[in-house]
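The values are calculated or read from the model by the stated rules, or taken from the named source; none is laboratory data. Because the structure is a prediction, the values reported are computed rather than measured. Glycine also receives a Cβ, built like all others from the backbone with ideal geometry; neighbour counts cover every protein chain displayed. We work out accessible area using only protein heavy atoms, side chains counted, and drop any ligands, DNA or RNA first. Shrake-Rupley method; radii C 1.70, N 1.55, O 1.52, S 1.80 Å.
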Amino acid sequence: MGNGARAYHRWRLILSGARLGVTALVLALGVWAAAGPARPPVPAHWPGLALVVLIELAILGFAVQLATAPLSVIVGYELPRRFGLLHQPWRRWLADRAKGLAISGLLALVAFEVLYALLRSTPRWWVAAAAIFFAGYVLQTAVAPVWLFPLFYRLTPLRDTGLQDRLLTLARRAGVPVLGVWVGDQSRKSRTANGTVAGLGRTRRMILWDTLLTQFTPDEIEFVLAHELGHHAHGDVRRMLALQGALALGKFWLADRFLRLGGPLWGLGGLADPAGLPWLALVLMVLGLVAAPIANAYSRRIEAEADDFALALTQNVPAFRGALDRLAALNLSKRRPSRLEELLLYTHPSVDRRIARQLAAPGLPLRP
Ligand SMILES: [Zn+2]
């Protein structure tokens, strides 16, 4: 299993890197194609500008998807299939992917229309953009369990009333009331397991993948959910949203600098010239890559704190180790990645580090 995980992650890194490279290349070609003197005049007002943004984005998005399609199929379908992580039939995988692309395409369209409307109206567009994107993140977090999950999973109430009572009691003890416990049919797609407490306030609920129910002991399920409740008790959803908002402000400020820099280089007729869209997209993509390790570092910290919370709540060390071992095996995690790999790519501390950290912690109920 250890070797399998190593090979899987090596291939995934190489192929995902290649896909990013191809995406950057297509965007760079878009920058080059949009530059140059022979261009129609920039529409000055809303309906015209919105239409040009729509057309630009549609062409660019189609080109990127077409160029990266083979790599996307290998990374998303062939590779996990070969390593036993996916058994979803091709047609269903394709349908899921089409749904995902439709949603992200729609979100990208709304995002760029908003950006260009702001670029046209104010030189401080980046402040307004960060504020609007922040509101978008909050909205997305609130509606995800209600609108997004059901598009990809069939959710049914947990039938095991014994386990349900145990988990609802756990939530009350954690001081994080939830609406109920739902089960998602992950086993139709994959063997990978997970559980989460999703939503905000009135939409907050526990969602267990059915793979968790079949592969984990009740103690281990309880630990997984205790960890998730820890995130809510610590206000991690809010903390991550605040960080994302701050990063968005930094990203859009830098994007403003680069847009002003690129204007004369690519012959753009001002900030709001939609011919600059490929350049803006390329800049935002690179800034997103630069910002990811910052968000990951913060995420690893709050993940470790959620482990602390869960152990204090459950006092169950064997369940903690059992759950982590099982998650690592089912999800084909690398238990001990290189330090650099972990710093750049990992949203959670690696499994071995999570266990070692708890073993070293004073005052925790630890006797392995
Ligand atoms: Zn977590």
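A few remarks follow.
- Note on the stretch 31-54: among residues that are among the aliphatic types (A, V, I, L, M) and part of a loop (DSSP other than H, G, I, E, B), the one that is modelled with the highest pLDDT is Ala35.
Here's the yes/no breakdown for (1) over 30 Å from Leu287 (Cα atoms); (2) in contact with a helix residue (DSSP H, G or I) (Cβ under 7 Å, 6 or more places away or on another chain); (3) among the acidic types (Asp, Glu):
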| site | (1), (2), (3) |
| --- | --- |
| Gly175 | yes, yes, no |
| Glu228 | no, no, yes |
| Gly235 | no, no, no |
| Ala242 | no, no, no |
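- Residue match in the stretch 84-95 (condition: out of contact with any strand residue (DSSP E or B) (no Cβ under 7 Å at 6 or more places or on another chain), open to solvent by less than 80 Å² (accessible area, probe 1.4 Å) and on the phi > 0 side of the Ramachandran plot): yes
- Where a residue in the stretch 248-269 is touching a residue at least 12 places away in the same chain (Cβ under 8 Å) and its partner, wherever it lies, is part of a helix (DSSP H, G or I) and open to solvent by 70 Å² or more (accessible area, probe 1.4 Å), with Cβ under 8 Å and at least six apart: Ala248/Phe134
- Lone unmet requirement of (1) more than 16 Å from the ligand (Cβ to nearest atom); (2) modelled with pLDDT of 95 or more for Gln215: (2)
- In the stretch 284-294, of all residues being closer than 11 Å to Leu247 by Cβ and buried (at least 16 other Cβ atoms within 10 Å of the Cβ), the one that is farthest from the ligand (Cβ to nearest atom) corresponds to Leu287.
- Meets criteria (within 20 Å of Phe216 (Cβ to Cβ), at pLDDT 90 or above and exposed (fewer than 14 other Cβ atoms within 10 Å of the Cβ)) for Asp185: no
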